[in-house]
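Worksheet for the structure shown next.
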Amino acid sequence: MEDAEMGDGSPKHFDRKQAVYQNLDERYVIHGERYRGQQYSQIYFTRLHHMRNLLNSLVPKWKPHLPVHTILGLEEGKECIIIGTMYKHMKLKSSILDEYSKERSTVPLVKPHNFMHPDDHLILEDESGRVKLAGTFLAPSVYVTGIVVALHGKETSDGDFFVQDVLEAGLPPQIEQPLDLREDKHVVFISGLSVGSSMFNPLQFQLLVDHITGHLGDENEQSIASQIVRVVIAGNSVQISQGILSGQTLAPKDQSRLTEPIKEFDISLIQLAAAMPVDIMPGPSDPANFSLPQQPLHRCLFPGASVYNTFLSCTNPHQFELDDVLFLGTSGQNIDDLSKYSDAKDKLEFMERTLKWRHLAPTAPNTLGCYPYTDKDPFLIESCPHVYFVGNQDKYETRLLQGPEKQLLRLICIPRFCETGVAVVLNLRTLECHALSISTKLDS
């Protein structure tokens, strides 16, 4: 609840609006599974099995006159369809063997931010075998290892498969957006706070907290703040100096340097959780497991905020419903990894591709760490969200995406707050969103 001074001097009360919340993170939670030396091949088998069934159901509408063959069953010159997992052979992709051969190597080892090369080529594989893909129909720069597609083409005399057309799974089906949302309610997304880093500006973050909790501004500002029904913090909330984490026993002064950023962040979380529900997701720099899906940050890290039942520590990826609007998001690792191994005009295009491939993290486990599941692939996207967000990006970007079956969803790139001072505000009723920019610089 917020107070604002009325014209006669008496305070006006604003009650914060509420939204019905359902957490859908269960599929990303690892329950007592133990690593018993299992290989990652099981994830690929599960992915191929699920996606092949899906693509087989779409093929009759796509190319009803063509037979579907396994790769081993290809015959030279005969047009057919094959379904398999894409593998991208990359000349610049780093290998663990390079670490051991660097003393003898005459070529200097560089670490490019993007590993693409003109000589990259694509291979398709299923349980029966693999075949190199030929022709100019598929651009290797668009695809990555791990996606499952159906290809129309024929085997050449060289034993390659000449591709004439491609079928991707496309946007998944979507539950219609509820039409009975008559009032404006807002969700605020924050990412990349990096409390404890040299980039972090405590005043800037405090101004943001004060603004969204209703402690700043006039009556109109407070009225808008009262419409915020949830805050989602999408990863990289704290930055702990890597120099401290050397594996050695910490001196008392280093212990305080280790815990100080988390304590400072907890103080801000208390203010937020006292005013509204807060979801916090782990990111690459947070004290959580490295591989996806990242498990919730332990509540003992936030002794102050975790007292509130409005404080919820979530997984990354994070999926939830708010007034029947479906949200799906990550802290950015899946999209950042795609940008290293493929090319697009912007990060939103990478996001769109993951939806059309129906897989949240197609490069896992090849170049993106993930848990070695044996019986499922939790990153498969079975239902199209209404809002798809990724955190820790360079800049704020958004687009409203419309699918062929009347799917309508909002794509959001949440910028790093410590660098941009920008949070993102989404209207639940209209799916419109805008940047909320906080600046502490005084114009001279």
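For region 314-353, the alpha carbon positions stretch 36, 18, 10 Å along the principal axes, listed from largest to smallest. Find how many whole Å separate the alpha carbon centroid of region 40-67 from the alpha carbon centroid of region 120-169. Result: 14 Å between the Cα centres.
Which entries of K61/K340; K63/K347; K345/K395; K88/K347; K61/K154; K63/K154 show an alpha-carbon separation above 23 angstrom in the structure shown? Provide the component values of the computation, followed by the final result.
On the way: K61/K340 34 Å; K63/K347 32 Å; K345/K395 14 Å; K88/K347 20 Å; K61/K154 20 Å; K63/K154 14 Å.
The answer is K61/K340; K63/K347.
Across the alpha-carbon atoms of the chain, the computed radius of gyration and Dmax are 24.4, 89 angstrom. Comparing L151, L203, L269 in a Gaussian network model of the chain where C-alpha atoms under 10 Å apart are linked, the largest mean-square fluctuation is found at L203. 3J(HN,Hα) along region 225-237: 4, 5, 8, 6, 9, 6, 10, 10, 9, 9, x, 6, 6 Hz, from the Karplus curve 6.51 cos²θ - 1.76 cosθ + 1.60 with θ = phi - 60°, whole Hz, x for Gly and Pro.
Excluding ligands, DNA and RNA, what is the solvent-accessible area per residue of region 375-444 at a probe of 1.4 Å, expressed in Å²? List each step's numbers first, then the result.
Details: 3220 Å² over 70 residues.
That works out to 46 Å² per residue.
Among G304, G37, G214, the largest mean-square fluctuation in a Gaussian network model of the chain (Cα springs under 10 Å) belongs to G37.
The calculated pair-distance distribution of region 290-444 uses every alpha carbon pair, bins of 10 angstrom beginning at 0, and gives 9, 35, 37, 16, 3, 0, 0 percent.
How large a share of the accessible area of the chain, in percent, is made up of carbon and sulfur atoms when the probe is 1.4 Å and the other protein chains stay in place?
52
By how many nm would the segment from S383 to D218 lengthen if fully extended, with 0.36 nm per residue of separation less the alpha-carbon distance?
Working: separation 165, 0.36 × 165 = 59.40 nm, distance 4.13 nm.
Computed gain between S383 and D218 is 55.3 nm.
Using C-alpha pairs below 8 Å separated by at least 6 residues, the relative contact order for the chain is 20 percent.
Remark: region 194-209, residue by residue, has Karplus-estimated 3J(HN,Hα) of 6, 4, x, 8, 5, 7, 5, 10, x, 5, 4, 5, 5, 4, 5, 4 Hz, where x stands for each Gly or Pro and the curve is 6.51 cos²θ - 1.76 cosθ + 1.60 at θ = phi - 60°. The GNM of the chain, with springs linking C-alpha atoms under 10 angstrom apart, assigns the highest mean-square fluctuation among D218, D266, D323 to D218.
A straight Cα-to-Cα reach below 21 Å connects K185 with the lysines K12, K17, residues fewer than 8 places away in its own chain not being considered.
In the full protein context, region 300-341 carries 28 Å² of accessible surface per residue, based on a 1.4 Å probe and ignoring ligands, DNA and RNA. Inter-label distance, K263 to H31: 3.8 nm, where each label sits 7 Å from its Cα along the C-beta direction. The distance linking region 330-362 with region 286-310 is 26 Å (Cα centroid to Cα centroid, whole angstrom).
Spin-label model, C300/S437: points 7 Å from Cα along the beta carbon direction are separated by 4.4 nm.
The amide H of I147, built 1.01 Å from its N in the peptide plane, has M86 as neighbours under 5 Å, considering only residues 5 or more places off or on other chains.
The values are calculated or read from the model by the stated rules, or taken from the named source; none is laboratory data. Only a predicted model underlies this, so the values are computations on that prediction, with no experimental measurement involved. Glycine gets a Cβ as well: all are built from the backbone with ideal geometry, and neighbour counts include every protein chain shown. Keep in mind that these areas ignore ligands, DNA and RNA; they rest on the heavy atoms of the full protein, side chains included. Shrake-Rupley method; radii C 1.70, N 1.55, O 1.52, S 1.80 Å.
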